[in-house]
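Structure, as C-alpha cells:
Rule-based calculations on the coordinates, nothing more; no lab input. Being a predicted model, the structure only gives us computed values, none of them experimental. We place every Cβ from the backbone using ideal geometry, glycine too, and count neighbours over all the protein chains shown.
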Amino acid sequence: MISIKDQISKDLALRSSAEKLFAYINQLSDTKITLDFSGVTSISRSFAHEYVQNRRTSNKEILEINLSSDIKKMFELVVNNPQKMKLIDEDKEAIEI
Amino acid sequence: MSDIPELLGEYLQSCIYAENFNETQKLDLQELGFIFPTTLLPLSDLIINNPDKYIPPSNYSVSNYISTIISGSGSNTYVPINQLPTDENDRNKALQAIFRLQGTDPNLFGGVSFFNLLISELIDNIFEHSECTTAKIAAQKYQQKGYADFCIFDNGITIPAKLKKHGYEFDNQGISIAKAVNGLSTKDKDRGFGLQTSVKLSVDGLKGEVSIISGQGAVHFQPNNSNMYNLGDRWKLNGTLISLRLPLVSEKKDWSQYAK
C-alpha cells in the first residue's frame with residue numbers, strides 16, 4: 001500500500017507529481033497497487049487530470065482508498081468532459097496604456 | 001492613469017522605477033510611502049543585485065518592510081520573496097509557505113481545498129508552460145485593509161510568445177492572454193483549465209481581483225468586469241506576473257461550483 005500523503009504531500013498540487021507517482025508505481029513488481037489517500041487535504045485539477053491519464057495507461061490494477069469527497073469530486077470532474085468557460089470577451093477592444 | 005485598476009497600476013509603478021534606474025543608474029525609492037508586492041516583486045532583483053545603487057525609502061516602515069519581504073523568513077501574515085525551487089519536493093514545501101497564510105482560520109480564502117486549488121493551478125502552470133529559468137512568489141496579508149496580495153512572477157517565454165510558438169497569434173498580446181484564460185492551450189485539447197479555474201475561484205468565488213501581465217499584454221478581472229490591455233513597448237514585461245488581491249473573508253466555499 002502506498003500512502004499518497006507520505007509519497008507526495010497532503011496537498012496534491014503539481015502535474016509532475018502525478019507523473020512521478022506513476023513512474024514509481026509502474027516499476028513496482030506488484031500487479032495490484034493500493035493507493036491510500038488518507039490525510040490528503042487538497043488536490044489541483046492539473047494533478048487530477050495527469051493522475052487519471054496515467055491511471056488509464058498503467059499496467060497496474062490500482063485501488064484507491066480513503067478518498068475524501070473533495071478528491072472524488074475532482075477526479076469525477078476531470079473524467080466527465082468538462083467545458084471551458086469564457087471569462088473574458090476576446091472581441092472587446094483592448095485598452096491602450 | 002486614473003482608470004487603470006490598482007493592481008495593474010502597481011505593476012506600472014515598478015516599470016517607472018525600473019525606467020528611472022536605466023536612465024540614472026539609481027533605484028531611488030526615497031519618496032515611497034507604501035509598497036505592494038505587485039510593485040516590489042518585479043523590482044526585487046534590481047534591489048538585490050545593485051545594493052550600491054539602491055536608495056531605500058526615507059520612511060523607515062517602508063524601508064524595513066522591503067528588507068523583510070526580500071530576506072525574511074515568513075509567517076502567517078507574509079510570504080517573503082523567494083524563488084520557486086527546481087526540485088519538486090522543495091516546490092511542494094514552497095507551496096506550503098503560501099498555504100500557511102490561512103493562519104489559524106481554516107475557512108479563510110474559501111477554505112483549504114478552495115484556496116489550495118486556486119494557488120496550485122497558478123504554480124503548476126509556471127512549470128508546465130513558462131520555460132522560465134526563475135520563478136518567484138511573494139504574498140502579504142493586510143489585516144486593516146481587509147485583503148491579501150499574492151504575486152507570482154516568472155522570467156519565461158510569456159503567454160503571448162508561447163501561444164505564437166504554437167501557431168496562435170493575435171492582433172495584440174492582451175487578446176493572447178484572454179484566450180489563455182478562456183482555455184486555449186498549447187497542449188492537449190483537454191488541457192487549458194488551470195488559469196481559468198484560478199481566476200474563477202478568485203473573482204467569482206472570493207470577489208477578489210486578478211491581474212495577469214505578460215509580454216506586452218495584460219488582463220484584469222474583478223467582479224462583474226474584465227478588460228484587456230495593450231501595454232506597448234514601454235510597459236512590457238519580460239515574463240509573466242500574476243497578482244491576486246483576495247478579501248480576508250472567512251467562509252468555506254465549494255470549489256466545484258466554480259470549476260464545472
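Taking R0 as 25 Å, what's the FRET efficiency between B:Q257 and B:K189 from their Cβ-Cβ distance, rounded to 0.05? About 0.55, to the nearest 0.05. Here's the list of aspartates and glutamates a cross-link from B:K93 could span, going by alpha-carbon distance under 15 Å and ignoring same-chain residues fewer than 8 apart: A:D6, A:D11, B:D124. Model label sites at B:Y60 and A:V79, defined 7 Å from Cα along the beta-carbon direction, differ in position by 6.2 nm. The phi torsions of the range B:172-185, fed into the Karplus equation with coefficients 6.51, -1.76 and 1.60 and a -60° offset, translate into couplings of 9, 6, x, 5, 4, 5, 4, 4, 5, 5, 6, x, 5, 10 Hz, rounded to whole numbers, with Gly and Pro shown as x. Extending 7 Å from the Cα toward the beta-carbon at both B:D90 and A:S68 defines two label points whose distance is 2.8 nm. Got a sec? Which residues in the range B:99-142 would a label at B:K165 touch, if it sits 7 Å along Cα→Cβ and we count backbone N under 12 Å? In the range B:99-142, the label zone of B:K165 (backbone N under 12 Å from the point 7 Å along Cα→Cβ) covers B:127-133. Within chain A, the GluC sites (Glu not before Pro) that combine a DSSP coil assignment with at most 15 other C-beta atoms in a 10 angstrom radius are A:E93. Among the listed pairs B:K162/B:K236; B:K145/B:K260; A:K84/B:K164; A:K86/B:K189; A:K73/B:K252; B:K179/B:K260, which are separated by more than 25 Å between their Cα atoms? Beyond 25 Å between Cα atoms: B:K145/B:K260. The distance between label points at B:S75 and A:N59 comes to 5.5 nm (points 7 Å beyond Cα on the Cα→Cβ vector). I want the antiparallel fraction of DSSP beta bridges within the protein assembly as shown, as a percent rounded to 5. For the protein assembly as shown, the DSSP antiparallel bridge percentage is about 75.
Helical runs (DSSP H, four residues minimum) scored at -39500 (n - 2.57) apiece and divided by the length of chain A put the mean residue ellipticity at 222 nm at -12000 deg cm²/dmol. Shown here for the range B:23-113: GluC sites (Glu not before Pro) in loop regions (DSSP other than H, G, I, E, B) with at most 14 other Cβ atoms within 10 Å, namely B:E31.
222 nm [θ] for chain B, helices only, -39500 (n - 2.57) per DSSP H run of 4+, per residue, to 500?
Details: 8 runs with 97 residues, N = 260.
One gets -11500 deg cm²/dmol as the mean residue ellipticity at 222 nm.
The relative contact order of the range B:178-233, computed from alpha carbon pairs under 8 Å that lie at least 6 residues apart in sequence, is 22 percent.
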